[in-house]
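Some notes on the structure that comes next.
The values are calculated or read from the model by the stated rules, or taken from the named source; none is laboratory data. Only a predicted model underlies this, so the values are computations on that prediction, with no experimental measurement involved. Neighbour counts are summed over all protein chains in view; Cβ atoms, including those assigned to glycine, are modelled from backbone coordinates with ideal geometry.
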């Protein structure tokens, strides 16, 4: 949600935008390092990941929370509310141990060794075929998380899915995404997510509706509190250097993630610039009177 990671933070709940499609014969591997910060493979990954079976598409009711419109870093995302034809070309990356075991936007724990992926707008859950435009290798994944929220990436794959596509070493690769329609169209059903008992018992961090005054940086706005919390956890890991906490505040019916308050706008812009350098995304400056 990634970087579950709901960095996607969160991670949502959330205007599917098809990326500009490069000519197939111009696809070259991005020249980047393999791992982001302390992310990467686990200490004891299972043997022979190439033998892991692709996700098997099946009809599933869509998640009532994870498919609501949401906003991250000033950009609004409107997830699809039915399983339908969809294709997109762009850059894929992957997320691993940093998010392993964390909650995805679907409420399920992220399993880096399962055949899953995070996408900003494809329905949760749904299935997609992802093909490397460099090698021609193809995998089928189950979409169960939100993200990535970086302008240059269109999908974050699980560690195993990335391994099967051959993009672990490069860290990212140009791919084509095609949705898979199992049997018939599956429409959104407004049903709650059944979460593990430990997660249900854990209190969320939403503050009262009365907003604090001052200068803030807004990272996202979600219709569902659980998605805001998932994204908060993910972004907190990506921005471990932050001296302040990321607060969730209920404002105008939305759960908004904010940093601050800051003493001056220059101080807030300094933090915003560091976030932009780290994540290649920009928070929105908010003045609360």
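Observations
For (1) at pLDDT 90 or above; (2) surrounded by 21 or more Cβ atoms within 10 Å (Cβ to Cβ), each residue gets a yes or a no:
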residue	(1), (2)
219	yes, yes
224	no, yes
229	no, yes
234	no, yes
241	no, no
244	no, no
257	yes, yes
268	yes, yes
276	no, no
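- For region 63-83, the criterion of being more than 13 Å from the chain's Cα centre (by Cα) and over 23 Å from residue 225 (Cα atoms) is satisfied by at least one residue.
- Listing of strands (runs of 3 or more DSSP E) fully contained in region 17-116 that carry 2 or more residues being buried (at least 22 other Cβ atoms within 10 Å of the Cβ), assigned by TED's automatic domain parsing to the domain that holds residue 172 and at pLDDT 75 or above: 70-72, 87-95
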